[in-house]
Every structure is written in structure tokens, then in C-alpha cells.
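In what follows, a single structure is set out as C-alpha cells and then discussed.
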Amino acid sequence: MREAVAGATLARPLFIATVALGSFLLFLVQPLVGRLALPRLGGAPSVWNTAMVFYQAALLLGYAWAHALQRLALKPQLGLHLALLAAAALMLPLDLPEAGLPPPGAEARWLLLLLASAIGPLFVAVAAQAPLMQAWFAHSRDPAAADPWFLYAASNAGSLAGLLAYPFLLEPLTSLATQKHLWSFGYAALLALVAAAALLLARTGRPRLPAPAPSLAPPPSRLRQLHWILLAAVPSGLMISTTTHITTDIMAMPLLWVPPLALYLLSFILAFGRGGAAATRIATAAAPLLLLVFGVAGLLAIDRAASLYGLSSLFLLFAVATALHGALAASRPDVTRLTRFYLLVALGGVLGGLFAALLAPLLFDWVWEHPLLLAAAALLVPARPLTRRIGALWVGNRAIARALRIGAAPLALLLSFWLGAAFDILAPDPRHLLALATLTGLAILAIGRPFAFTFQVVALMLAVGGWQQLDISSIEGARTRSFFGVYTIQNVQSRQVRQLLHGTTLHGVQSLDPAKARVPMSYYAPDSGVGRAMRAAPALFGPLARIGFVGLGAGSLACYAKPGQDWSVFEIDPAVVDLAIHRRAFTYVPRCRPDIRVVIGDARLTLAREPAASLDLLAVDAFSSDSIPLHLLTVEAFATYFRVLDKRGILLLHVSNRFLDLERVVQANARAMGLAARRLSFRPSADDARAGFSFSASDWIALARSEAEMARFIATARGLPASPHRWTPLDPPTSAPWTDDFASILPVLKPLDSLL
């Protein structure tokens, strides 16, 4: 009896600690391994989304393992799970193996296999903790053993703590090597806690659970189980599609991966916590209105509002996830079907992730998965009419009820199509605003009627931008999607230019006027930093200068090539090469340098294989939308660049960015390596625009091995035609240099007003 009482006293704190630590490690390892994997694939935002699919699939396997163990008696469960944890520990310390470059088009499959071979068993073993510990707790003598759902909240709290600890504590304060060792120590502590819990149950636990009364625990129907899967799948997919937008526009790194996933987890904590019913009611009431405001606004064709939408989409994700997870919590089964419920929730998470991260890029040429998931959310959120009077408008045989049921959908479709053909949010016609208000009013009236509301939401999304995106997709060759992003080609007749967009960021412009078709446009204007350097190359390095640039874009820089020079371009995405060279969507390369050497792959890896001192000038412009691959701006990356540069070589870095003050990073790296650095900020004039030159503001930094070589470079550049733009010294560094082992964007984030 005394042993049973002691077991009942110890069980709750021991199991809470075990579940919380397991979940903490589970979600700490995700951004950590993502950070390790980023350099392998050029820092692409899709790295995290693909990794998320792996995590969700491994989570499903962990839950399946926990569910399968429930078929056994308690003691065999304890022994088998401890054996799995011990076997997985043989893969410590945590790391990713060296691997070659993935074949073009197979990046996602390559990354999934890499993660499975490196951390698969570890992740599955840790993932099983949350459901398994809750199932084991039911065997304890604790008074709450029959209702262990509070451990689910402890699991999610540990998960959230792990996520937040990485970008705000571990990443800015410790090196990658330290992070890997800390995680390994945490795993050892988890193994000890699980062993202690197993020993406690072996001594004091109940070998079998009492069977529930059949009347109290009817088996869930297939329809109910399908509903569980859908309620889990939609928030999971939305979390990934929201992450795609944010990381594409800023930078793919843990600090920006965390907010969507943290809000996703927080929705679980709220929905399954003690106040879950109240949180669910609030979210369910707010979600339809937020879908109308933020969901529909996401399709507005305003590039300048893309970043603001990225922030507002986080609020929408949180509301929708809380509402749907709340519906999931309200439908949960009794404790005997606990692990099956978790298994189906995990399956839904995997299916949502698979759709958003892997299937959508293959099926769609634009990010259609996001509006489709929003439409699914509109259908699944169990909302009620805003008022009883509004709900009553649809019921009965009154004229208004018949009109709404019969005429609302055709009217919405008609107005949507009319607005899609002419609506311009920057210069709206009053008639269009009236039509938009009518559509919005119909949608508000339809709240609480899932199919009618979903139809109205879809009609609104099509009206404000969806039809326009469909038009672009219907034009052959106008849009391409790859693992690295969505590329759109647009002809702007008012300026007589063709432009290349990657995400929401301009990546290249070419004039449609044959007389100007060879003039590099956008960030590469003749008086920009890179333009002046390229024009000075013959005087600096002679007629046989060896020129290289990272990031092909539209191929603008190729038109600085002179006869006798040797040119190479390093590009990670074969889709860009196809656009700029093979399909001749832009003619810079075919016209100016058709024999240019193209090297496919991540620049860090491909440049490392180039002969030493084989280039005189190297320009790095490796954008992924407005996102800069972090691993291309570390001290080790700079060392790779200067290894391939001749002793008098010049490195040029494009640091224009809406969100990050990259100059501070470059200056800190330059100071640490003893390099000389100068900046040139180019701002186009009104005369340029009047002359038909579509130049863009740009900031370039030039780096040389010494001040003497920098002085030689600047003196040669002065010999070019007069320009108001000059190379100037950089401000003193105020942040630490970035290295492969230690880097944080927190110190270099621009003020909040620049993010909007």
C-alpha cells in the first residue's frame, strides 16, 4: 500500500517532466536540423517546408509506434520502448552526413532521404513520448489517471518552449557545435526520465486498464475519424503556406520559421487546455471575419503590401488553427482510444504538409495551395450566424430566403467575374467598390452556412486578384515554379519592359525596345556598383579578364562582357537557366554572351570546386525573392570567394534588402578577415526614367584583400565617365561577424516601419 501511495505521488511530476522534455527536444531539433540543412540547398525557403513534412511523417511513425504498443501488456511496452530509445541513442551526437549535390528537380526527395538517414530513428523515438507517456500514465495510481489530457497541454507547452528557445536563446548565444551537444545531453536526460517512469510503473502501475462501459465509449465512426483528419490537415497546410510567404520575402532561417509553427502549437495548447472551450468560441467567431479581411486581402495584386500581408496572415493562421483544433478537442474520444486519436491527428498533419510542401509545387505554377486551404478552412470552421436574425434570413419560404438560397451564388459569381476583369485597388472605380461591398455583404450574411460562406469567400478571392492570377497562369511560359520558388514573367507595356519576378521581388528587367535591349536594367544599371565595376574590368584586369557572378536572374550582367573575357555564372536553379537562356524569355545572354559557362548548384559548393585564383571579379547576387541565403554571407563563404579570386581580385556583394541591414554583416566579416570594403548606393534619376531606362535603386559593396588593392580599384573606376555615385567607406561594424557556426539576424533587422 505504501509503495502504491508513493507511486501515485511521484507519477504526476515525473510524467509531466518526461512529456515536457520530450516535446521540448522534439521541437528544438527541428529548427536546429533545418539550420544544418540550409546550406545544402542554397538557403531556399522550401528547405524548411520539406523538413516539416519529414518531421510530420516521423511524428506519425512515432504515434503509430505508441499506438501499436497498446496491444501489448504494460511491461513489454516498457521494455520495447526503452530498447528503441537506447538504439536511437547510437546515432548521437546529432549531425547531418556529408552528401553530394541533389540532382535537378529531386531536391525535396534528396532532403527527405538525408533527414531520414541522419535523425529519423532519433526523431521517431522522441516523437512517441507525448502519446505513449499519456497512455502509460493511465496505468498509474494517480487520481487523474483516467483523464490524462492535461499531459497534452504539457506536451504542447514543452514544444512551444523548444521552438522559442532556439531562435531567441540558442541560436544568438551559442554555436552550432554547442547546440548539437546540448541536444544530445537533453536526449540522455530524457532516456533517464523514461527509464524512471518505466520503473515506477513496473512496481506500482496497473497492468491492464479497466474496460470502459460500452454505452459510454462508442467506437468513433469512419466519418468522425475522417473529420479528425481534415481538422488536423487544414491548419498544418496553412502553417506551411504561411511560412513560405514569410521566408520567401525575408530570409529562410529559424527566427522566421518559428512564428507560424509557434502559433500553430499555441492553438493546440489553447484548444486542449482547461479554457479550451472559451478560446475555441472566440476563435470560431473571429475566424470567418478574418478570412474575409486577411484571407481575401492575400490575393490583392499589391506587391508593396506583401510584407504587411505576411504579418496579418499570422493572425489568420492562429484564429483558424484555434477554431479547427478546438473543434478537434471537442470531438476527442475516451482515454482508451487516445493513441488512435493522436495517430489520426498526426496523419492529418502529414497530409496537410504533403499537400502544401510537396504536391502543390508539382501541381500548381503559383501558390494556389494557400487560397485553397483558406477555402477549406471556411468550409470546416463551425461558425454560427452573426445574429439569429441573420441566420433566419435563409430559412423558410419567404421571398428573401428564396432569393438568398437561389440568387446569392449566381450574383456573387457574376460580380466576381466583372471585378476580376477591371478592379484596381490602387485606383478603384466607385462602381467596383459598390460591387465589392455587395460581395462582402453576401459573405457576411452567409456566415454559419458552410457551403454558402465558402462560395462567397472564393468569389471574393477571385474578384480581388484570383482571376488575374489565373490569367497569368493561362499564358504559356509566363510562370514557372520550382523547389526554389515561383518565377513570373510580365510585360509592362506602359514602360516597354519585360520583368522577372521571384515571389514579390523584382529579379530582372529588359527593355522591349531593341535599341535598349542590351542595356542592363534594374539593379545592374551602368552606374550601379556592379555596373561600374564591370565597366572598369578591362582597365583593371586586362582584355582577358575572368568574370564570374552568382545568381543568373534575367542574365543582365552578361551584357557587360567584352571580347576575349572569360565569363562564368553560378546558378542553383535550373529553372532560371531555362528562362534566361534556353527559352530566351530574356535575351541578355543569347545576345551578349551565348557561350557563357553555366555551373548549376549551390554557389558555396560549386565555387569550392573551382581552381584557386581562377577569377578576377566575382559578383554575388544570390537572392531568393528578398531572402538572402545566410550561408553565402558568412566568414567561411567569404573565404571561399577569395580563394577563387586572384590576389588582385574584387568581390562585389549586392546588399539591397527591405528587411535586413546586410551592410553591418559584411563590414563585420570584412573587419574579422582584414578586408577592405567600400559601398556604392545607386539611385536612378528622373532623366533615366524619361529616357526609357528602367533602373532600380541598389546598394553594392566591393571587397578587396587590402586597402592598396581597393585604392587601385577606386582609381580605375574614376576613369569611367563622370557619375554622381561614388564608392564610400562603410560605417564601423556594430554586430558580430557571421560564421557557419554562429549567425543571428536579430542584430541586423531594420526598424519595424521598414518591414511594412
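Annotations
- Ranking by accessible area, most exposed first, for HIS432, HIS227 with a 1.4 Å probe: HIS227, HIS432
- Residue-wise HN-Hα couplings along region 735-745, as the Karplus relation 6.51 cos²θ - 1.76 cosθ + 1.60 with θ = phi - 60° gives them from phi, are 9, 6, x, 8, 10, 4, 8, 8, 7, 9, 8 Hz; Gly and Pro carry x.
- Taking packing as the residue-averaged number of other Cβ atoms within 10 angstrom, the listed peptides 634-642, 525-533 run from highest to lowest as 525-533, 634-642.
- Accessible area of the chain divided out per residue, in Å², using a probe of 1.4 angstrom: 40 Å²
- Overall form of the chain per C-alpha gyration tensor (a/c, 1.5; a/b vs b/c): oblate
- Highest-first arrangement of 732-745, 435-448, where packing means the average Cβ count within 10 Å: 435-448, 732-745
- Here each label is just a point 7 Å from Cα along the line to Cβ, and for SER474 and ARG402 those points are 3.6 nm apart.
- Residues of region 687-728 with amide N under 17 Å of the 7 Å Cα→Cβ point at ARG495: 687-699
- With both residues required to sit in the chain, DSSP beta bridges show an antiparallel share near 60%.
- Gained length - LEU80 relative to ALA188, 0.36 nm times residue gap less alpha-carbon distance: 37.2 nm
- Computed [θ] at 222 nm, helices only, for the chain once each DSSP H run of length n ≥ 4 contributes -39500 (n - 2.57): -17500 deg cm²/dmol
- Most tightly packed first, judged by the mean number of other beta-carbon atoms within 10 Å of their residues, the peptides 365-372, 90-97 read 365-372, 90-97.
- Rounded accessible area of ARG678 (nearest 10 Å², 1.4 Å probe): 40 Å²
- Relative contact order of region 451-588: 16 percent, from C-alpha pairs under 8 Å at least 6 residues apart in sequence.
- Each label was represented as a point 7 Å from its Cα along the Cα-to-Cβ direction; for LEU90 and ILE444 these points are 6.5 nm apart.
- Mean separation of Cα contacts under 8 Å, 6 or more apart, over the residue count of the chain: relative contact order %: 13 percent
- Label-point separation, ALA736 to GLU707 (7 Å along Cα→Cβ), nm: 2.8 nm
- Note on THR728 and ALA639: with the Förster distance fixed at 22 Å, the Cβ-Cβ geometry gives a FRET efficiency of about 0.30.
- Overall, the chain carries a charge dipole of about 1520 debye about its Cα centre when +1 sits on the Cβ of Lys and Arg and -1 on the Cβ of Asp and Glu, all other atoms neutral.
- Ranking of ILE701, ILE229 by solvent-accessible surface, largest first: ILE229, ILE701 (1.4 Å probe, protein heavy atoms only, all chains present).
The values are calculated or read from the model by the stated rules, or taken from the named source; none is laboratory data. The shown structure was predicted, so the numbers you read here are calculated from the model rather than taken from an experiment. A quick note on method: Cβ atoms are made from the backbone with ideal geometry, for glycine too, and the neighbour counts reach across all protein chains shown. Surface accessibility is based on the protein's heavy atoms, side chains included, excluding ligands, DNA and RNA. Shrake-Rupley method; radii C 1.70, N 1.55, O 1.52, S 1.80 Å.
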